[in-house]
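Worksheet: the structure to be examined is printed underneath.
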Amino acid sequence: MRHYTSNRNMKDWVAEGRFRQDLYFRLNVVNLHIPPLSQRREDIPLLAQHFLDRAAPVMGKPVNAISEEALALLKAYDFPGNVRELENIIERGVALCQGDTLEAAHLPDDLRDLTIRAFRRRDGRVIPLEEQERDYILWVLEEAHGNQTLAASMLGIDRVSLWRKLKKYGEEKG
């Protein structure tokens with residue numbers, strides 16, 4: 001069995017005349033859409049550990065774990081280079097690591113500077129406070145596995161206040 005992958009929408013390329021239609025239909029037996037890593041942040045720890053487990057033996061390094069701080073930085077990063085970028089970042093970290101745990105210090109500077117960059121859009125504009133608050137609340141809710149009582153506690157507010165904020169942002173569920 002052979003498989004072919006692309007990070008482009010081949011159907012659009014066919015419509016634009018950039019890819020042969022007959023070849024598209026010959027190759028397109030099963031079409032899987034896998035969202036970018038920035039939309040699958042829950043996959044980052046597992047993928048990072050996989051890349052670490054692959055890279056460490058090749059480099060002859062005893063690295064077998066990733067610190068919580070490093071994982072938090074990885075989960076906060078947008079990964080414009082998608083999974084390949086994550087793989088490269090982990091390989092770099094393994095190469096720099098002298099112990100058995102990959103730490104935040106082993107990650108590239110731009111990941112460690114996320115605390116400042118997180119407040120700006122890619123075009124450099126500042127993200128409005130309400131959008132920041134909504135995203136943060138949704139992130140905490142995700143961390144609490146949808147448990148609003150736990151999320152409210154983590155946020156330091158009561159459940160009713162959380163519900164009001166969710167309603168304000170059109171995110172209330174039931």
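Potential lengthening of the chain between Asn28 and Asn147 amounts to 38.7 nm, from the contour at 0.36 nm per residue minus the alpha-carbon distance. Think of the range 1-87 as having a plus end and a minus end, set by charges on the Cβ of Lys, Arg, Asp and Glu; of Val30, Gly81, Leu52, Val30 sits farthest toward the positive end of this dipole.
Largest GNM mean-square fluctuation across Leu52, Leu129, Leu73, computed for the chain with C-alpha springs under 10 Å, falls on Leu129. Computed over the chain with a Gaussian network model linking Cα atoms closer than 10 Å, the most mobile of Asn64, Asn82, Asn147 is Asn147.
Give me the mean projected area, in nm² to one decimal, of the convex hull enclosing the Cα positions of the range 37-117.
Numbers: hull surface 18.5 nm².
Over all viewing directions, the range 37-117 projects a mean Cα-hull area of 4.6 nm².
Structural descriptor for the range 3-93: relative contact order 29 percent, calculated from alpha carbon pairs under 8 angstrom and at least 6 residues apart. The share of Cα pairs per 10 Å bin across the chain, counted from zero up to the longest distance, runs 8, 26, 26, 24, 14, 2 percent.
Using the Cβ-Cβ distance between Thr5 and Arg92 with R0 = 25 Å, the FRET efficiency computed as 1/(1 + (r/R0)^6) comes to roughly 0.55.
The Stokes-Einstein estimate for the range 129-168, based on a Kirkwood radius over Cα pairs and taken at 37 °C with 0.692 mPa s viscosity, is a diffusion coefficient of 337 µm²/s.
Summarising the amide proton neighbourhood of Ile66: residues at separation of 5 or more, or on other chains, whose placed amide H is nearer than 5 Å comprise Leu102. Given a Förster radius of 30 Å and the C-beta distance between Glu42 and Arg20 as r, what FRET efficiency does 1/(1 + (r/R0)^6) yield to the nearest 0.05? After rounding, the FRET efficiency stands at 0.20. A Cβ-based charge dipole, computed about the Cα centre of the range 37-117 with Lys and Arg at +1 and Asp and Glu at -1, lands at about 140 debye. Based on DSSP H segments of at least four residues, each scored -39500 (n - 2.57), the chain has a per-residue ellipticity at 222 nm of -15500 deg cm²/dmol. Using a 10 angstrom cutoff on alpha carbons, build the Gaussian network for the chain and name the most mobile of Glu68, Glu103, Glu142. Highest fluctuation among the options: Glu142.
Charges were assigned to the Cβ only: +1 to each Lys and Arg, -1 to each Asp and Glu. The resulting dipole of the chain about its Cα centre is roughly 680 debye.
Selection among Asn9, Leu71, Ala105 by position relative to the dipole of the chain gives Asn9 as farthest towards the positive end (Cβ unit charges, Cα centre). Shown for Phe79, Phe19, Phe25: other C-beta atoms within 10 Å of each C-beta, ranked fewest to most, produce the order Phe25, Phe19, Phe79.
Laboratory data are not the source of any read-out in this text; all were calculated from the coordinates shown. Treat the numbers as computed from the prediction; the structure is a model and nothing was measured. Neighbour counts are summed over all protein chains in view; Cβ atoms, including those assigned to glycine, are modelled from backbone coordinates with ideal geometry.
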